[in-house]
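Let me begin by presenting the structure, written as structure tokens, before commenting on it.
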Amino acid sequence: MGEKMKEASYDVLVIGGGIAGGEAALNLANNGLTVLIVEKDLSVGGKMILLSKVFPTLDCSACITTPKISEIARHRNITIFTGSEVRKIRKKNENDFEADLIRHPRYVDAEKCTGCQLCEEACPVVVPDGYQFNLVGRKAAFIPFSIANPRAAAIDIESCTLCGACEKACPPGCIDFTQEPEEYHIKVRSVIIATGFRLFDPLLIPRYGYGLHKNIITSMQMERQLAPTRPFNTILRPGDGKVPCKIAYVLCSGSRDASVGNPVCSQICCMYSIKQAQLLMGALPMADVTIYYLNIRSFGKGFEEFYEQAKGMGVSFVKGKIGKISENPNGDLLLRYEDINENRVKEKVHDMVVLSVGIVANRDVSSFFGEGLLKLDPYNFVSQPDQLLRPAKTSIDGVFVAGTASGPMDIPDSILSSGSASAETISYIIGRNE
Ligand SMILES: Cc1cc2nc3c(=O)[nH]c(=O)nc-3n(C[C@H](O)[C@H](O)[C@H](O)COP(=O)(O)OP(=O)(O)OC[C@H]3O[C@@H](n4cnc5c(N)ncnc54)[C@H](O)[C@@H]3O)c2cc1C
Ligand code: SF4
Ligand code: SF4
């Protein structure tokens, strides 16, 4: 541990550097407030920076996110700590919070790193690449992904054998195995929680066979295959590298299902599946795409038209409840389902299945404040005591919530909620509204 705890003060602490936290920080910084973003990951951008295109406009997600993220990263009122976490936050008084933070070592001097990737080439250790949702491997010395911000290497010390090959290969000599965790004690006037969501773990539905049958992937793995920073130059099924031609989507995988502990609608899965189906029709014009659904929830602006557009492109929609997915010897998948319209059980073979996994709460939030101070809702999202009139307010005055930390929502709603959180924060700091 570093010898001395470092001290600093800012107007606002934003926890989480996804699109919600980034947008809130930018609003505050543009109003003259100083902001510290604490991001757990090695890059800011959250899930959005990893997506392909966005519904219902089909704009390229990376093309929207990267300029926004670089505006945030270059703003003179914003400081970003990546690879960092909040240990504890104490409210001393109104407009007076103290937080203990830890910055984990990257083992690379990010200021000096040129992003040349020579360390990656030299490193002999290969491990699954979490940013590609384990579809491919990466090295122990690695740049998280090509549009990461900061675009600097890091050493995954858990997998590193300390062979020193990266150090020898690095032209500016910025690899530093002596780096240690740094502790910070900071003072702020207000806090925004923007820690986002986690994906439902499909292993919790054993009858679907995820993890057992190789050609079943999650929607996030398909998102990576469709993204501009994709691991392959086409769509491949992971079991044997074959280009699939009969792709099935299983909606509500881990949503609206009390038997797996998540009765909540994830709000985004219908629409992102319809989006991916349209993108697949473009990428693989000969492919059949079938979406198995219980209800299609296309409630937002332009969403119903987007659904109709998918039907017009030839995407099949089957109102069916999946009972079991089993694997044929050639890796194809047999879906046994109840056809709800015909009220009978049917079977159909597909060569790749995508589970449209839901959104669940990021439970990190429960550790930030003293026991029970920050109230959570029954599904462990941050509780909104005045959801109708002041949705950014939490159970602690001066602490606000932005984006999916308070529940499932898409990108436009996350941006709107960041607007609400930043406006509330400004009112709180200047002494109104409380
Ligand atoms: C497969 C898929 C496809 C999607 N497609 C679309 C689409 O086409 N259109 C659309 O509108 N929406 C889409 N979405 C939804 C979109 O991803 C979310 O609306 C958006 O990412 C929410 O942003 P956020 O900032 O709230 O959360 P996140 O993106 O989850 O960001 C949270 C950030 O907080 C950080 N963090 C977490 N815990 C901590 C901690 N303890 N300390 C510090 N930092 C922390 C995380 O590392 C992350 O950077 C899709 C989602 C999925 C899963
Ligand atoms: S020292 Fe570690 S990170 Fe560097 S090349 Fe060797 S195994 Fe890879
Ligand atoms: S070799 Fe050095 S400068 Fe190049 S990406 Fe790796 S750490 Fe950065």
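Conditions tested, residue by residue: (1) closer than 24 Å to residue 223 by Cα; (2) assigned by TED's automatic domain parsing to the domain that holds residue 284; (3) surrounded by fewer than 13 Cβ atoms within 10 Å (Cβ to Cβ).
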position	(1), (2), (3)
329	no, yes, yes
332	yes, yes, no
336	no, yes, no
355	yes, yes, no
369	no, no, no
376	no, no, no
380	no, no, no
384	no, no, no
Wholly within segment 75-183, strands (runs of 3 or more DSSP E) carrying at least 2 residues that are free of Cβ contacts under 8 Å to residues at least 12 places away in the same chain: 84-93
Any hit, segment 35-51, residues being over 17 Å from the mean Cα position of the chain (by Cα), buried (at least 22 other Cβ atoms within 10 Å of the Cβ), modelled with pLDDT of 95 or more and not β-branched (Val, Ile, Thr): yes
Scope segment 209-231; condition closer than 17 Å to residue 323 by Cα and either crowded, with 23+ Cβ neighbours inside 10 Å or of a type in the set (S, T, N, Q) (or both); matching residues: 216
Single unsatisfied condition, residue 387 versus (1) free of Cβ contacts under 8 Å to residues at least 12 places away in the same chain; (2) out of contact with any helix residue (DSSP H, G or I) (no Cβ under 9 Å at 6 or more places or on another chain): (2)
Unmet criterion (only one of (1) in contact with an Asp or Glu (Cβ under 9 Å, 6 or more places away or on another chain); (2) in a helix (DSSP H, G or I); (3) away from ligand 1 (no atom under 13 Å from the Cβ); (4) small (Gly, Ala, Ser)) for residue 32: (2)
Condition check for residue 164: within 16 Å of ligand 3 (Cβ to nearest atom) and either of a type in the set (Gly, Ala, Ser) or out of contact with any helix residue (DSSP H, G or I) (no Cβ under 9 Å at 6 or more places or on another chain) (or both): yes
Within segment 94-130, considering residues that are among the basic types (Lys, Arg) and either within 26 Å of the chain's Cα centre (by Cα) or more than 26 Å from residue 38 (Cβ to Cβ) (or both), the one nearest to ligand 2 (Cβ to nearest atom): 106
Residue within segment 56-63 that is assigned to a helix (DSSP H, G or I), more than 16 Å from ligand 3 (Cβ to nearest atom) and out of contact with any helix residue (DSSP H, G or I) (no Cβ under 8 Å at 6 or more places or on another chain) present: yes
Residues of segment 153-193 satisfying the condition of being closer than 19 Å to residue 104 by Cα and away from ligand 2 (no atom under 15 Å from the Cβ): 180, 181, 182, 183, 184, 185, 186
Residue that is nearest to residue 400 (Cα to Cα), among those in segment 166-191 that are more than 16 Å from ligand 1 (Cβ to nearest atom) and buried (at least 18 other Cβ atoms within 10 Å of the Cβ): 190
Answer from 58, 13 - the residue that is away from ligand 2 (no atom under 16 Å from the Cβ), of a type in the set (A, V, I, L, M, F, W, C) and over 30 Å from residue 274 (Cα atoms): 13
Some residue of segment 278-295 being among the small types (Gly, Ala, Ser), buried (at least 18 other Cβ atoms within 10 Å of the Cβ) and under 21 Å from residue 199 (Cα atoms): no
Top-ranked residue of segment 368-408 - restricted to ones that are in a loop (DSSP other than H, G, I, E, B) and touching a Gly at 6+ places or on another chain (Cβ under 7 Å), ranked as nearest to residue 265 (Cα to Cα): 381
Members of segment 201-239 that are of a type in the set (Ser, Thr, Tyr) and assigned to a loop (DSSP other than H, G, I, E, B): 229, 234
Pair list, Cβ under 8 Å, 6 or more apart: segment 242-260 residue more than 19 Å from residue 347 (Cα to Cα), other residue of a type in the set (A, V, I, L, M) and in a helix (DSSP H, G or I): 254/204; 254/260; 260/204
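The values are calculated or read from the model by the stated rules, or taken from the named source; none is laboratory data. All values derive from a computational prediction rather than experimental measurement. In this analysis, Cβ positions are derived from the backbone assuming ideal geometry, glycine residues included, and neighbour counts consider all displayed protein chains.
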